[in-house]
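One structure below.
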Amino acid sequence: MSDRHGSVRVLHVDDEPDLAELTANFLERSDDRLRVETTTSATEGVDRLREGNFDCVISDYDMPKRDGLDFLDAVREEYDDLPFILYTGKGSEEVASEAIARGVTDYLQKESGTGQYDLLANRVLNAVQQHRATRRAENLERVRRVLRDVNQALVRVETRDEIESSVCEIISKADPYRFAWIGEYDPDSQTVQPRATAGIEEGYLDAIDITIDESVTGERPTGHAVRTRELTVVQNIRENDEYEPWREDALERGYQSSAAIPLVYGDTQYGVLNVYAERTYAFDDREQELLDELAGDISHAISHAETRADQRRYERVIENLPVGIYRATPGAAGRILDANPALAEMFGAESPDEMVGREVTEFYADPEERVELSQQLREECIVREMELRQVTVTGNDIWVAVTAMCTEEDDEIYFDGIIKDVTKRKERERQLRVFQNAVETAGHSIYFTDTDGTIRYVNSAFEETTGYTADEAIGENPRILQSGEQDVEFYEEMWETILAGEVWRNELVNQSKSGERYVVDQTIAPVEDESGEIERFVAVNVDITERKDRERELDRSRDRWRALFESSPDAIAVHDVNGDIIEVNEQNVETLGYSREELCSMNVADYEIGHSRDELQNLWTSLDPGERIKVEGEHRRKDGSTFPVEVWATKFEFKDEERFIALGRDITERMEYEQDIDNRDGSNGSGG
């Protein structure tokens with residue numbers, strides 16, 4: 001279908017150009033959803049169908065070389081279900097019967113009068129609507145079938161490679177898909193590297209280089225999907241510049257549209273699934289939703305596969321746990337008597353022999369810790385998980401957790417111990433302290449609450465924003481910040497969301513201790529314990545008061561300019577370089593007699609008299625931005641009457657596009673006045 005917003009593209013084939021253009025104009029006026037393009041032969045019509053993306057074909061029957069039925073056969077060879085309406089002035093029951101046998105969608109006899117165009121427009125819209133509904137149902141069932149097949153495959157496979165290969169194989173074999181691949185982001189090269197492919201590829205991935213940086217290739221669909229973690233669709237590769245510089249390679253392989261779907265589970269992005277279809281606009285809203293759902297299933301399966309792989313690795317690690325084991329003699333001069341390879345590696349020794357014979361004290365960064373450990377062993381005969389800062393044989397500091405006990409053998413006392421390297425955990429604790437400090441010094445107001453809403457922590461920004469000190473706020477409920485702007489239902493919806501374990505975000509008006517109101521963008525996230533139960537909520541409030549003030553001022557400014565536009569005594573029309581009208585004011589509506597909607601579907605040349613569309617377009621394109629010119633001519637009202645006008649045209653740029661504003665004034669009275677003056681002057685002269 002042409003697009004996802006309701007417009008309908010129609011190809012009208014008629015060997016009489018004037019009649020074809022007349023029909024196109026009346027159809028577009030009959031319904032503003034219709035966009036009609038014309039050709040004058042069946043051969044040209046077939047070529048145009050291949051180049052464009054049309055929802056319906058209207059064809060005359062009696063045409064030279066190839067008549068309407070031959071054209072229908074050609075269309076059906078490539079587009080078996082495209083709506084095709086035979087609209088002919090030389091029809092018969094025999095022609096109609098033959099057309100139906102060959103698969104025509106509808107048949108309509110040309111008649112006199114404009115009423116036939118309303119009927120034709122209605123037939124077109126009905127045919128397209130039915131075709132789209134059928135296509136949507138087929139697409140929905142097809143994607144659901146893909147979902148079922150993929151999920152069945154996910155149950156059978158175990159490794160990530162098997163998951164990705166199976167997914168690509170299944171998708172690439174489902175019409176209208178032609179090719180599927182899964183890529184993974186490589187942070188070192190800032191590129192997306194393929195992991196699995198299937199379908200009509202033929203070296204396509206060898207010819208492209210996908211990045212996620214701010215370069216041209218990084219801004220394209222796959223890079224955008226990886227960077228934003230949002231599904232990115234290109235519905236028409238041929239007409240979409242976002243596919244440069246790969247468009248020609250894609251079109252050569254029959255790719256007409258594509259979807260890049262990020263594979264994300266939790267906070268982890270496993271890659272991106274790319275799907276290519278052989279037709280344009282293959283991914284409607286529902287299909288995108290199902291592809292998103294499919295990506296969730298794939299990501300979940302990959303996560304579980306990775307988890308299983310991790311578990312297997314952890315099991316092997318546990319079976320061969322590199323825990324340091326030692327035996328030492330007690331006392332201040334205690335020495336290591338035995339050590340295993342893991343201990344030697346932990347302390348940077350080349351072998352256990354390099355550890356044996358060393359004094360225990362040389363491994364302690366703080367000798368007092370050695371005294372404390374020895375004393376506790378003598379008193380309690382065991383020490384569990386005592387954390388100590390120690391020094392390796394190479395002079396590096398490490399943190400270890402020591403479990404040791406007194407052992408008596410042959411009347412001799414020994415200290416036997418198990419040592420685990422906890423340096424990384426200590427580093428994480430340090431990072432946690434850094435995080436806590438970051439929260440404390442954050443510029444946004446942050447506070448934690450119990451599940452009943454009791455405040456348990458606030459940062460400095462909270463105190464500064466609200467005026468409440470930490471002592472005043474802790475133990476209270478966030479209701480102390482309520483301004484009364486939000487109703488009970490607002491807060492009920494908030495609690496319903498966060499108690500369900502979901503993140504809640506909204507804007508609301510709070511009130512400080514001093515009574516001053518301010519606007520915040522608030523995000524509340526539940527925090528779960530190890531069992532999955534919610535144990536607290538974290539709220540982050542971003543003060544957006546100034547931004548909201550600016551937005552309100554912008555709205556007021558926009559309203560003022562709109563009022564000036566609508567109340568102007570001149571008829572104003574804003575149009576593009578082709579003359580297609582974008583906006584008009586009320587004076588223009590009153591002057592020409594068309595409705596605002598009718599005018600916004602027209603071209604300036606539709607009511608301009610005395611200048612062709614090409615002449616007008618040449619005039620507009622010759623203008624420099626900001627240049628203002630005056631043109632005098634005539635305009636035609638909807639009722640067919642005409643009147644002289646004086647038009648001032650100005651060129652300007654809006655969002656990198658050329659726009660033109662035309663101020664037209666009815667100068668009928670002025671011209672009548674000038675004519676009257678001329679007549680009087682002529683009378684006075686002849687009588688002198």
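The values are calculated or read from the model by the stated rules, or taken from the named source; none is laboratory data. The structure displayed is predicted, hence computed values, not measured ones. Heads up, the Cβs are rebuilt from the backbone with ideal geometry, glycines too, and the neighbour counts pull from every protein chain shown.
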At least 2 residues that are under 17 Å from the mean Cα position of the chain (by Cα) and either at pLDDT below 85 or not charged (D, E, K, R) (or both) in each: list the strands (runs of 3 or more DSSP E) lying fully within region 266-339 that qualify. 268-277
Taking the condition of a type in the set (Asp, Glu), within 18 Å of Leu120 (Cα to Cα) and surrounded by fewer than 15 Cβ atoms within 10 Å (Cβ to Cβ), does Asp32 pass? yes
Yes/no for Glu37 being of a type outside the set (Ser, Thr, Tyr) and within 30 Å of Pro176 (Cβ to Cβ): yes
Scanning region 14-47 residue by residue, the ones that are part of a helix (DSSP H, G or I) and touching a residue at least 60 places away in the same chain (Cβ under 8 Å) total 6
Single residue of Thr621, Thr650, Thr668 found to be of a type in the set (S, T, N, Q), more than 45 Å from the chain's Cα centre (by Cα) and assigned by TED's automatic domain parsing to the domain that holds Ala573: Thr668
Residue under question is Phe660, and the condition is that it be assigned by TED's automatic domain parsing to the domain that holds Asn578, under 18 Å from Ala573 (Cα atoms) and modelled with pLDDT under 80; does it hold? no
For a quick check of your reading of the model, give me the residue pairs whose first member lies in region 191-205 and is over 10 Å from Asn274 (Cβ atoms) and in contact (Cβ under 8 Å) with a residue 60 or more places away in the chain, whose second is aromatic (Phe, Trp, Tyr) and crowded, with 18+ Cβ neighbours inside 10 Å, with beta-carbon atoms closer than 6 Å and at least 6 apart or on different chains. Gly199/Phe179
Matching option when the condition is surrounded by fewer than 13 Cβ atoms within 10 Å (Cβ to Cβ), in a strand (DSSP E or B) and not small (Gly, Ala, Ser), among Glu387, Glu408, Glu379, Glu368: Glu408
Matching residues in region 280-296 - criterion: being surrounded by fewer than 17 Cβ atoms within 10 Å (Cβ to Cβ) and in contact (Cβ under 8 Å) with a residue 60 or more places away in the chain: Asp285, Arg286, Asp292, Glu293
Of the residues in region 414-427 that are part of a helix (DSSP H, G or I) and not acidic (Asp, Glu), the one that is surrounded by the fewest Cβ atoms within 10 Å (Cβ to Cβ) is Lys424
Would you call Asp62 part of a loop (DSSP other than H, G, I, E, B) and in contact with a strand residue (DSSP E or B) (Cβ under 8 Å, 6 or more places away or on another chain)? yes
Would you point out the residue of region 514-530, among those that are loosely packed, with under 15 Cβ neighbours inside 10 Å and of a type outside the set (Asp, Glu), that is nearest to the chain's Cα centre (by Cα)? Val527
Between a residue in region 407-427 that is closer than 25 Å to Arg389 by Cβ and any residue that is among the hydroxyl-bearing types (Ser, Thr, Tyr) and outside any strand (DSSP E or B), which pairs come within a Cβ distance under 7 Å, given they are 6 or more apart or on different chains? Tyr414/Thr329
Out of the residues in region 607-632 that are charged (D, E, K, R) and without any contact (Cβ under 8 Å) to a residue 12 or more places away in the chain, which is surrounded by the most Cβ atoms within 10 Å (Cβ to Cβ)? Glu615
Restricting attention to region 143-163, and to residues there that are out of contact with any Ser or Thr (no Cβ under 6 Å at 6 or more places or on another chain) and surrounded by 17 or more Cβ atoms within 10 Å (Cβ to Cβ), which single residue is nearest to Ser303 (Cα to Cα)? Arg160
Test result for Arg50, of a type outside the set (Ser, Thr, Tyr), in a helix (DSSP H, G or I) and farther than 20 Å from Gly115 by Cα: yes
Here are some conditions: (1) within 21 Å of the chain's Cα centre (by Cα); (2) under 23 Å from Ala309 (Cα atoms); (3) charged (D, E, K, R). Arg220 meets all but one. Which one does it not meet? (2)
Identify the single condition in (1) surrounded by 20 or more Cβ atoms within 10 Å (Cβ to Cβ); (2) under 26 Å from Thr134 (Cβ atoms) that Asp60 does not satisfy, given that it satisfies every other one. (2)
Being among the acidic types (Asp, Glu) and either more than 27 Å from Arg238 (Cα to Cα) or at pLDDT below 90 (or both) narrows Glu51, Glu44, Glu37 down to just Glu51
Hits in region 77-136 (condition: in a helix (DSSP H, G or I), among the acidic types (Asp, Glu) and free of Cβ contacts under 8 Å to residues at least 60 places away in the same chain): Glu77, Glu78, Glu93, Glu94, Glu98
Are any residues in region 548-595 in contact (Cβ under 8 Å) with a residue 12 or more places away in the chain and over 18 Å from Arg665 (Cα atoms), and if so, which ones? Lys548, Asp576, Val577, Asn578, Gly579, Asp580, Ile582
